[in-house]
Every structure is written in C-alpha cells, then in structure tokens.
1. Counting only residues that are in contact with a helix residue (DSSP H, G or I) (Cβ under 8 Å, 6 or more places away or on another chain), without any contact (Cβ under 8 Å) to a residue 40 or more places away in the chain and facing chain A (nearest Cβ under 7 Å), how many does segment B:76-89 have?
2. Only one of (1) more than 14 Å from chain B (Cβ to nearest Cβ); (2) in contact with a Leu (Cβ under 9 Å, 6 or more places away or on another chain) fails for A:T301. Which number is that?
3. Quick check: anything in segment A:443-461 modelled with pLDDT of 95 or more and on the phi > 0 side of the Ramachandran plot?
4. Being within 22 Å of the chain's Cα centre (by Cα), closer than 30 Å to B:V293 by Cα, away from chain A (no Cβ under 13 Å) and of a type in the set (A, V, I, L, M, F, W, C) is the requirement here; does B:L96 meet it?
5. Select from segment B:165-192 the residues that are in a loop (DSSP other than H, G, I, E, B), more than 19 Å from B:V257 (Cα to Cα) and at pLDDT 90 or above and write down the one among them that is nearest to the other protein chains (Cβ to nearest Cβ).
6. Is it the case, given these coordinates, that A:G286 is at pLDDT 95 or above and either within 13 Å of chain B (Cβ to nearest Cβ) or part of a helix (DSSP H, G or I) (or both)?
7. I'd like to know if segment B:14-29 contains one or more residues that are within 24 Å of A:S33 (Cβ to Cβ) and facing chain A (nearest Cβ under 7 Å).
8. Answer yes if at least one residue in segment A:255-274 is surrounded by fewer than 19 Cβ atoms within 10 Å (Cβ to Cβ), at pLDDT below 90 and within 14 Å of chain B (Cβ to nearest Cβ), and no otherwise.
Amino acid sequence: MVPTGGTKQAGGTATWAELPGSAPNMIFPFDPSGFFSVPNINEFQYLMYRPLYWFGQGATPNLNLSLSVGKEPSYSTDGKTITIDLNNYKWSNGETVTAQDVVFWMNMMEANKTIYGAYVPGINAIPDDVANVVATSPSEVTFTLTGTVNPNWYTYNNLSQVTPLPKAWDITATGGAPGSGGCFSGAYGTTSTDAACVKVFTFLATQAGYDPANPKAANNSFSTYATNPIWQVVDGPWHLTNFDATGNITMEPNPSYTGPVKPTLAKFVEVPYTAEPAEYNSVLGGKLDVGYLPLANEPKTTSNPLVVTGQDPRLSNYYVNEYYSWAFSYFPLNFNSSGNNGVAGKIISQLYFRQAMQTLVDQPDIITKVFKGYGLGQYGPIPPQPPTYLSAAAKTNPYPYNPAAAKALLSSHGWTVKPGGTDVCTKAGSGAGECGAGIPAGTPLTFNLQFATGITTQTDAVNDEISSWDSAGIHINETTSTFDTVIGNATACTPGPSCTWEMEDWAGEWVYSPDVYPTGEELFATGAVSNYGSYSDPTTDNLIKGTDFSNQSLTNYENYLVKQLPVIYLPAQVQSLTEIQNNLRGVTPQNIFSALTPENWYFVK
Amino acid sequence: MIGFTIRRIIQAFVVIIAVMLLVFLLAHVIPGGAARAALGPRATRLQIAQFNRLNNYDRPIIVQFWLYIEGLIWHHNLGYSYHYNQGVTAVIQERLPKTLVLVGISTILALVVAVPLGILQVVRRNKPVDYALTAGSFIFYAMPSFLLGTLLILYLAVDVHLFSVEAPQGQTVGSILADPRGLVLPEVTLAAITIASFSRYMRSSMMEAMTEDYVRTARAKGANTTRVLFFHALRNAIIPIVTLLGLSIPAIVSGAVITETVFNFPGMGLLTYQAATNTDVPMLLGTAFVATVATVIGSLAADIIYAVVDPRVRYAKR
C-alpha cells in the first residue's frame, strides 16, 4: 500500500540507488552508440535536458504531453508534414527554448547520424526520411518528410529521439560565442551545416569525455561535469552539482525551471552500488530513500504478479512498489547457422521445430518457481504490461506448455523422438511429414546454447527450459559466459563456415525506447540492425511497413509474429520491487521507462 | 647486492612485457568482440567497423600490441575505456588510492596482530590459549570473506547500528580516513582472514626457531625468556612473514574484489573483475599492468628485504 497523508515538507535530500554497474557515464544528450542507455538518458540526462516528447503516463507508455517541451504534433492529411508548437520552457541562462533549438538537434542528428546511438539505417526513419526542418516561428517547428508515415509510429519512435539543444552549445571551443559553431542556425541537410555540426559534436562529445576522432585519448572529463558551464545550461528541473567516476551524483533544483512541477527537494542524490547485496544492506541500514528489493530477498511468492505480497520485516520504514518495464524477453535463434554440420539453421527455419521449442517453455512454472510469481506470460513481441497494445490473440499462449504436443510435432515431421536422449531425423525431405529441406536423414536434433550467467533467476529459468527441451529429445549443449560475450556472439551473419552460433540467451530483454511503439522494424525486418538471428519473412516485412508507413493496425503484425516465432519468447520478469521510505511521497507511479522525476518527490512529517 | 638488484630489475621488465603480451592475446581471443561490448546491442555494422578501425582492432594483433606498448612507454597512456567513458589511467588513479587504503591498512593491522598472536601461541604452546587461538585461526581462515563481511554488516551495522553498512564513499584518501565508522567492518573482514593466515605461519616459524641451537645457547648464557623470544628467535622467525608480505603487495594493489563488493567500495579488485566481465579490453590491460608491476615489485622487495633481515643470505655474483 502506498502511504498517504502527512504534512509536505520543503527541502530535504532524497537518495536513490543506481543498479549495480549502471552508473551514468555521459552527460551530452546526443548519445553516441555505446552511451545510449537508460542510466544515461532516463536516469540522468532527462533530469537536466528535457526531451521534445516525454513518454510514460502513470503506469502506461503513452505520450505525456504535460511533461513534454512540445505540444501535440499536428500531421498533415498526407502524413508528410508535421507541425509542432512548443510549450514555454526556458534555459537556465535565460534564453527561451525555441523551435530553432529543435532544428539544432536535427542538424546535429543529420550530420552525425552514424555515431548517434539510436540511429537505425535502412528503415527510412528519422533523420533519413526528413527532407527539411525549419523553425517557422520561435515557437513552431515544421518537419517535412520524404514520404507518408503512420503518425503514431512517427511520434512514438522518431520524434521520441529529439531533445532541444541550447544555442549556447553551438560552439567549437571553450568560451566560444553561442551560435558561432554554425550548426544551430544552419539550413538542414546542407553540406556546410553538416560540416559545422560535425565540429560542434566533436567538441561537445570531447567535453563530455568521448573524443570521436581519437577514442584512445586519455581524458578525465568527469571531474568537470558539474562545473563545466556548457552542461550547466539546462531546461529541466535539475542541474548537476556533483559527479564522479564511481557514479555518485548530486543534483539541485534549477531555479529557472519553467516546467509544470517545480522540485520540492533541496537535493537529489544518486548512489552507485557494486552489487545487489550491497544495495540491500543499505536499504536494511536505512541509508536510502528509494532503493530496491532484490527478488532473491523477497520473502513471499505472490499469486498476483501485479501485487507485492511480502516485505522483509526489518524494512518497516519502507513500502514496496513494483513495475514492469516496457520490454519483452526473448532469445534469438540463428536462421543462418552452419552449426550441426551445416543444418542447424535449416532446422531452425522450420516453423514446426520453433513451435516445438516454444511449446516446451513452461512459462507458468518459471514465473511461479523462479520469479516467485513476479512475472507475466509473454507470447509475442509486445510487452504484456500494461496490455496497451496487446491483441486478444497475444493474451493467450498459442503454444502452451505441452511436452506431448511438442513430441507429436517432431515425430509428425520425420523425427524419431528419444525423450532424455537426442532425436534423429529419419525421414529426410521437404514434403509433409518430413524433416525439412536440407536436413539429411540421421541428423541429430542437437543445438549449442550459450547463455549469460550472473543473474540467478535467469540461470534458473534457462535450466528449466533446457530440462524441458531435453524431455522431448531436443538436446542442448549449454555453455555459459558473460552478458557481453553472449550478446557479442549473437551477431547477424550470412550462411557460411564462420556463421556457427545457434542459440544465444543473454538474459536480457528488448526495451522499447526510444522505439516506444512496438512495431519491431529494428528487430524482425529483413536485415534489421538488431535482427541478430537473420529472420527473414516477406509477410513480416510487409506488416512492419504497414504499421510504420500507413495506418495499418499493430494487431496484424502482432498476431502474425505470435505464431511465427522469429525468436523464442520468454516470460517477463518484474523490472523492480522498489523500496520507498514511508515518509517520501510522489515516487509512484513509477515511469515504465525508468525515467526519474524527483521533482515530484517530497518528504512529509 | 647491487648486481643482484640490477639483474632482478631487468628480469622484471621482461616479465612485465611477457605478462602484458599474454593478457593482450587472451583479451583479444574473448569471443564476442570488444566492439559489441562497448557499443551495445543496437550498434550497426558501420558503427562496429568504425569502432574497430579507430581502436586498431582491425589490424594484426602484434601491431596492436606494439601500438599499445608504444603508447604506454612514450605517452604513459593506458588507453580509453568506453565502459567508463574515461581514460584508463584516470579511472585507475581514482580507484588505486582507495584500494591501497583499504587493503594496506588491513595488512598492517594483520601484521600487528598476527605476530604477537603467533608468539603468544608459542609461549603458551599446547595450553588452552593456544588451542583457542588455533581454533579461531582455522575458523577465520576457512571462512569466505563474503560470509564474514555480511555477518558483520547484519549484526554490527543493521541490528546494533554500531558501524556503517558500507565502506566510506569518499573519493579521496582523506575523506575515506575521515570516516572510521565506515572503515572498521571492511578492515576487520580483510584483516581477520589475513591474521588467521599470518599467525599460523608465525607460530610454526617461531616454534622452529625455538628449537635451534642458537636459542639453546642463548638460554645457556642466561638470557631470559623475553630476550630469547624477541632478540634471538623473532628475527629468524619473521623471515617467512617478510616473504608473505612481499607477496601481499600485489593483493594490496589489485584489491579485494569480494570485500569491495560486499561493502560497496569500488576499488581495483572490482575494477578488474568488471573489466573482464564487460570485455573492457583497455581497462583489463590497464589493471593487469598495475597488478603485474606490483607483483614484480613485491617479489623483488621480498628478496631484498630477505637478504637484509637474514645476514646468512647473500646474493653474491656467481
């Protein structure tokens, strides 16, 4: 239960726990690849530099116009022109946040798109589809696109990437005159503007620690994050007063903030942790105002995944609040794999095989026994909580756990099933009742699965799955490694001797941010950047295009992908069991993208 | 002695280069690649190619190693860590003093306690005190540091509120030392285990010394027990401890990863561990370099001090 009542107190310092190994490390909001992360953006930069559009309203992923710099975008009837009026925001140096600040970002994005962390080539998205951006008045900016778009997709997945930048940042040297860089006021897409923006980006990124031209250069810019005048020009409710390499961060209210909710706290402090037990000890010791309860320390299994049932009795000064992130859990299969003597990819390409694999994932068992009830069944690429975009078909599992059905699927497709052993293809061929094209007789049904260790619940879940697959004769040779190694191996590759990986499970999830509208163009479109398993299907491609560039419903795409199984879907685990001091208000509801809004927080007596 | 020292220093350089080459090779055969680890799962092929080009990962390994050594020797540059968005040197400069304080104090504390304990056990050999201290040593020696640390936190910090639940969070040596309430538990955790080890060595060594002829001679000449213990036996008995101390220097520099983790004290140990798990190649090489140099120096210092403490030992030129 969220406590209520008490008398609001002005001031005070609220401390908040960072996740282990997740200290912010980039202040410049035009995040290069490798720095584009939740800790950098949602938990750090957004507090100082407000995005054009803020996502997350209550516990939903919806556009939150009250916290956005931009008013609701207006799309022309042909879907090619977008007009955006701005709310009245001020930079802390006294200047108004103008339409030209939005153009500045777009100029920066166009010139440096290959470095920008959210840029996705090949899908005709921002900035590739932007023909022009102009400030039609100080408070109105107009985007002209090269083609028709689905307004929902464009706002949620493209405009979601824009953050107005101050004119004061348009410099190429310390102490330069605001606007002297030539990027702020340059015409969008011209060679001269691009050249100027590359120089401005290089200067700003280097000030933030990352030298794109010479990444080996030694630097120690963290020590200047809180003092560098560049980073002190903010339009958000907070400005930085302390930052160190370990992740200790202190922010104080921006007195010039013109947004809707002014901070009540005197200070907001982010505290780094080495590991979950260390963080939990701090919660036990009462050192944190907002921390989290590691799932291993949750004393009770819940019967309702949306309600926390247990609390460590030593934590009587805290209440628990939970939330699920806007993400879906999965692991990829390599459709091009040359493993298993060249046939692994060919087996994976068979829908009946993927159906058998998915049928053997006992989601209810994993949720109950491994996640202590704090999980949700997930049967497709759309996040299950909140069920905003969940179609009726995706609410029920089309492949519920059923070992007998899985065995029947395999045996009816030419495999001799050997529970606990290794199935063998005995009917080669591509006809009905045969193993499939390119799978010779005698082929064993065996795969290499590498998975990331370090998160106990995920390891337990994988072991549950392997045991289940084994029961139907799908033999898994498991190896373990670190998250980075596993995700590094899961790289899209063309068929050939070096394309050997078969299954990689990094115990992660795909967070739909900044691609808030879960249309999947980055994941499942042929050749997409994050289509690690090289899944390719013309129907899927057309459905994705329909949701991106016309007003086709997401439901068609979703219903198709639920059955197609381009990846193996796994149950969603709760993102956080957040521990909040009883005398701290305003922390809930928590933002589904983990964006922090401590300007809402206040202590009571 | 000078010749010996020069020879050892030359050997040390060879060892450092060899270890760095080994670590370099191992770091580059880690599957997955540094590019994906640094740039994240959404990195494009173009970004990965750019990363590899800018960081010379697209060049032969021996060329990469040469460029690394060149940067190290001529520019004192250990490279840049994408994971930390900092120069490796800057991060190590921030972490190393903290680890030196934490592990250094615990080592000194262990020495100060373990030597008298070892002597006391010899004086009270096969008496209840000896048995109790032996049992205590075995318990602490066998106890994992994460367990001891966690128990101390739960009882002395969470329940009794006597000490802080975490180590000092200051970024400078001064601010760390200014928070003794935070330092006590991690120091006790580290020292307890080291004391258990050192005191066992001290007891054995002292027992052996007490049976030597020169001790019998000293007694025959009328030296009292105190004089025999501290002026005759101790000087010889301390030699194994000197060796242990020398071998402890790498640990003092490399950190104590488990204790650092439990007490939320990010030092060199945790830095090395995270560099390995994050495929942060420049940071891994940087911490390996520091650890290698410390190991070589520790070993060299132990050899030299050994000769100083024990006059019978001479490293004469053969």
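The values are calculated or read from the model by the stated rules, or taken from the named source; none is laboratory data. Since we're looking at a predicted model, the values are computed, not measured. So basically every Cβ, Gly included, is an ideal-geometry build from the backbone, and we count neighbours across all protein chains shown.
1. Of segment B:76-89, the ones in contact with a helix residue (DSSP H, G or I) (Cβ under 8 Å, 6 or more places away or on another chain) are B:76-86, B:88-89.
Then drop every residue that is not without any contact (Cβ under 8 Å) to a residue 40 or more places away in the chain, which leaves B:76-77, B:85-86.
This time we only want the ones that are facing chain A (nearest Cβ under 7 Å), so: B:77, B:85-86.
Count: 3.
2. (2)
3. No, segment A:443-461 contains no residue that is modelled with pLDDT of 95 or more and on the phi > 0 side of the Ramachandran plot.
4. Numbers: within 22 Å of the chain's Cα centre (by Cα): yes; closer than 30 Å to B:V293 by Cα: yes; away from chain A (no Cβ under 13 Å): no; of a type in the set (A, V, I, L, M, F, W, C): yes.
Answer is no for this residue.
5. Just the residues of segment B:165-192 that are in a loop (DSSP other than H, G, I, E, B), to begin with: B:165-172, B:178-179.
From what's left, more than 19 Å from B:V257 (Cα to Cα): B:172, B:178-179.
Adding the requirement that they be at pLDDT 90 or above leaves B:178-179.
Details: B:A178: 16, B:D179: 13 Å.
Result: B:D179.
6. Numbers: at pLDDT 95 or above: no; either within 13 Å of chain B (Cβ to nearest Cβ) or part of a helix (DSSP H, G or I) (or both): yes.
Spelling it out, it is not the case that A:G286 is at pLDDT 95 or above and either within 13 Å of chain B (Cβ to nearest Cβ) or part of a helix (DSSP H, G or I) (or both).
7. No, the conditions are met nowhere in segment B:14-29.
8. No, segment A:255-274 contains no residue that is surrounded by fewer than 19 Cβ atoms within 10 Å (Cβ to Cβ), at pLDDT below 90 and within 14 Å of chain B (Cβ to nearest Cβ).
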